[in-house]
1. Quick one: count up the residues across segment A:610-654 that are more than 8 Å from chain B (Cβ to nearest Cβ) and either within 14 Å of A:LYS678 (Cβ to Cβ) or not charged (D, E, K, R) (or both).
2. If you scan segment A:768-804, which residues turn out to be in a loop (DSSP other than H, G, I, E, B) and either within 14 Å of another protein chain (Cβ to nearest Cβ) or modelled with pLDDT of 80 or more (or both)?
3. Would you confirm, using the coordinates I've provided, whether A:GLU122 is modelled with pLDDT of 75 or more, part of a helix (DSSP H, G or I) and either among the aromatic types (Phe, Trp, Tyr) or open to solvent by 10 Å² or more (accessible area, probe 1.4 Å) (or both)?
4. Scan segment A:106-135 and report the pairs whose first residue is closer than 23 Å to A:LEU68 by Cβ and polar (S, T, N, Q) and whose second residue is modelled with pLDDT under 70 and open to solvent by less than 30 Å² (accessible area, probe 1.4 Å), with Cβ atoms within less than 6 Å and a gap of 6+ or a chain change.
5. Under 6 Å between Cβ atoms, at least 6 apart or on separate chains: pull out the pairs that start in segment A:670-698 with a residue that is over 23 Å from A:GLU592 (Cα atoms) and end on any residue that is at pLDDT below 80.
6. Regarding A:ASN553, is this residue surrounded by fewer than 21 Cβ atoms within 10 Å (Cβ to Cβ) and either at pLDDT 90 or above or polar (S, T, N, Q) (or both)?
7. Of the residues B:ILE5, B:ILE25, B:ILE60, only one is more than 11 Å from chain A (Cβ to nearest Cβ) and open to solvent by 10 Å² or more (accessible area, probe 1.4 Å); which?
Amino acid sequence: MEADSVPVSGPALRMSVAAAWDKVAAALVSPGCLQEEQGLLDSLVLLGDHGLDQLLGSWLLETLQMCLSSSVVPEFWSGLKQPENELEERDRALVLLAAFRTLLDRLQPSLDGLEQLGIWQEEGRGGLSGLGPRSLKERAVTIIRSLLLFSPDPILQERVLEFYSRTFSVYMSQQGEQEERGNDSPEGRLCQGCEVLTAQCWCQEALEHLQELSHILSKLQLLERVSSESVTSILHKLMEQRMERHCRGEYECSFLVNFQEWLELVLGWLSKVFDSEADADAPTSTPGAAGDQSRGCSSSSSILKQWRCHMQQFFCRIYVNMRIEELFSIITDFPESKAAIEDLKFCLERTNQRQQLITSLKSAFESRLLHPGVHTSDILTVYISAIKALRELDPSMVILQVACQPIRKYLRTREDTVRQIVAGLTGDPEGCTDLASELSRGDPVTLEMQDSDEEGNDPEDWTPDPTDAVPEKLGWKRRSSDIISLLVSIYGSKDIFIDEYRAVLADRLLHQVNYNTAREIRNVELLKLRFGESHMHYCEVMLKDMADSRRINGNIREEEAKLGEQEQPLQFLSAIILSSEFWPPLKEEKLELPPPVSQAMETYTNRYQKLKAMRTLSWKPHLGSVTLDVELEDRVLTNLTVSPIHAAIILHFQEKSSWTLEELSVKLGAPKELVHRKIAMWQQQLGVLREEAGGRYCVVERGSAKEKPERGVMLIDSDEERDSNTTTQSEQREEKLQLFWAYIQAMLTNLDSMTLDRIHSMLRMFVATGPVVTEMDVNELEAFLQRKVREHQLMVSAGVYRLPKSS
Amino acid sequence: MKVKIHQWNGVASWLWVANDENCGICRMPFNGCCPDCKVPGDDCPLVWGQCSHCFHMHCILKWLNSQQVQQQCPMCRQEWKFKE
């Protein structure tokens, strides 16, 4: 068919041209039969004269293509599929190898022919010219590849995958990488590598087959096409398995080094897979193939390099993926999970997954932490762990800042956040324990951060913020990593904390029996370092009050001792004397104490007035504590520590053994509900009183033995849901708002009408100079004004507030 | 039944016996202290004039020192004399 396309000049020549073609073709296609050199050369020259030499290459390729599509390819596929499922793994491997072997055998003549032609072309033998061996081979390979793999049967991938997996485990077991799963086979006689009885082990065989297969594939340049996918999926699968087995839930040791070692092993196996014959034959190869060879060599090592990069990248990615999933647990485990954090940091720097990490962590916080079922102190504990962990992970603090935003936002909505933080700071066992130790480290809180210029950071060390930093926080302000600063800044102001601390301190001091303030003094000193002296001034005065009270008590007692035995009504009374301006507002409750006590207090006041000229005392009868004994006919309750109202109740029963609630309430000057609540302790816990018909309470002089309480029991208001002597935050807040209301009214009277922003800025200007600086934001003010509008105390139109005309 | 009190820990706050709540000079509460002081009470006492007006001692002394000619009570302009 080629002859038709050749321009033929004469019938005489046709014969010899045809003969010459046959001769050359025979020399190319079956190099086995030797032609004499001169005849071949003549034929080539003759063909060249007729311009047919150009066609030789095309013809060979055409032949190859024909041969491939008509027989080789179908044979290859059917050979691969031939024995249906009944075979064992070992035999399947053999079939695979055999199929490729036949493939190579069938194609070898054509390839050799092409190579021969290429060499002739290169040598210019008989005036031959053309593409040269390399491009001829490339074309041939392209044809083979495209025809062979035009419609690949999945069975090829399947078999290759199976075979590679096997050789992988064989290789690994030979390299001493013990996989645990082999060990628990009952007989223990299974080969580690090929998982058959050791007697039938074919490990060595498998490796030999692997080498042969690799050589065949590389010869046909099919290696990349056939193997890459399988190798990739094997390695990915194994790496994932390995990670699941070794890393998941395991945060306490670093995995990177271990992985690097494993990766080296894997690369050893990979070098076998991508081992081309050229490498193996390198020393003995013929000089003619030198060009081809050096190419093979370099490509083989560069393939390995690529694979190394690929594996590392892949490891980082799946490691980061897994850790992102687990990050919440890692954070809660933090000091123990440091290794995991460090690994994660290393890997995160190599993958582009920060955003993913932040999003996932945020949602983990939201779903696992920020709901009503979690106690505030637990949220704080996790937040503190998160601060510690994330500042390891990302020293720029951007992740911390962004991911913890929901926590901060949520904590702002919890009522007891401040109290919990303060409790933690002061080492209250119910609070977060870390905070106390954090406090004693004693760095000043850098809320204002005006010191960032003077930190002496080397400009060379400056690094730009990561791209995911929150833009408005960029600039010279450095993100703080200090736990206490971060906690304090949840509300954006120190004052709320200090107010709360004052309230906690007041509670503590008022519950003190013996003026012992050593611990509180230490705490205040530590807080002073953090918040600055001026902020803690009020607390210092409170502590001083305690010391002064002790001295005054001592003085008054001394005075008392000079009097006779009979005139010592004050023996049992001691007092804590407060500087009211410096203490947080205390709960105001009315309580009339029984005459002996109130008389004692009067006497005490008189003594005080003598001691301090022009000063007097205003008692807070409901505050404090009382230690007393109750003697009944058949039992004595000793050393009960109760609140004043409890004491007052029982003292009244001393003079009259039966009281109604109303009578008591009148006598005590306290509301009935309160008395009823308080009486419950005597009634239920101690069994001293009982309720009779008609709502009367009487003393139980003879109690049943079972109700005997232990001696010296401390009873501090167990019936009260919250035994705080200070007013709650919301009450205080309300008071402050009322204070603002006076200002607002005055402003509106003078200026007629004002916008919200104007009112806000005016208030800030005037009220912020008061003793307790309140940070109030516009929203809060707006809510307050809206309330006033609803109560018809204020009018609003077009965003302008004014007072109603009638008022 | 007999109740025996061992110890009664009361709570009281001290206050100046004065006819006003705030110091007429610094406008701070008497029970607090003058702007220059940190601790109220003994450290920042009140003083009364014969006109019966009273001030933080530090405040009135500062005031009197600043008066060139005559020493007057800032409230009633009578001559200031300390009440004994």
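The values are calculated or read from the model by the stated rules, or taken from the named source; none is laboratory data. Because the structure is predicted, anything quoted here is derived from the model rather than measured. Positions of Cβ are backbone-derived with ideal geometry, glycine not excepted, and every protein chain shown enters the neighbour counts. Surface areas here come from the heavy atoms of the whole protein model, side chains and all, with no ligands, DNA or RNA. Shrake-Rupley method; radii C 1.70, N 1.55, O 1.52, S 1.80 Å.
1. Summing the residues that are more than 8 Å from chain B (Cβ to nearest Cβ) and either within 14 Å of A:LYS678 (Cβ to Cβ) or not charged (D, E, K, R) (or both) in segment A:610-654 gives 15.
2. Of segment A:768-804, the ones in a loop (DSSP other than H, G, I, E, B) are A:768-777, A:791-794, A:798-799, A:803-804.
If the condition is that a residue be in a loop (DSSP other than H, G, I, E, B) and either within 14 Å of another protein chain (Cβ to nearest Cβ) or modelled with pLDDT of 80 or more (or both), then A:THR769, A:GLY770, A:PRO771, A:VAL772, A:GLU791, A:HIS792, A:GLN793, A:LEU794, A:ALA798, A:GLY799, A:LEU803, A:PRO804 are the ones that fit.
3. no
4. Final answer for the pair search is A:GLN121/A:LEU128; A:GLN121/A:GLY132.
5. Correct list of pairs: A:LEU686/A:PRO709; A:GLY687/A:GLY703; A:GLY687/A:GLU707.
6. yes
7. On the way: B:ILE5 fails: more than 11 Å from chain A (Cβ to nearest Cβ); B:ILE60 fails: open to solvent by 10 Å² or more (accessible area, probe 1.4 Å).
Being more than 11 Å from chain A (Cβ to nearest Cβ) and open to solvent by 10 Å² or more (accessible area, probe 1.4 Å) holds for just one of B:ILE5, B:ILE25, B:ILE60, which is B:ILE25.
Here's the yes/no breakdown for (1) of a type outside the set (Lys, Arg); (2) modelled with pLDDT of 75 or more; (3) open to solvent by 40 Å² or more (accessible area, probe 1.4 Å):
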{"site": "A:SER9", "(1), (2), (3)": "yes, no, yes"}
{"site": "A:LEU40", "(1), (2), (3)": "yes, no, no"}
{"site": "A:HIS50", "(1), (2), (3)": "yes, no, yes"}
{"site": "A:LEU64", "(1), (2), (3)": "yes, yes, no"}
{"site": "A:PHE76", "(1), (2), (3)": "yes, yes, no"}
{"site": "A:GLU86", "(1), (2), (3)": "yes, no, yes"}
{"site": "A:ALA99", "(1), (2), (3)": "yes, yes, no"}
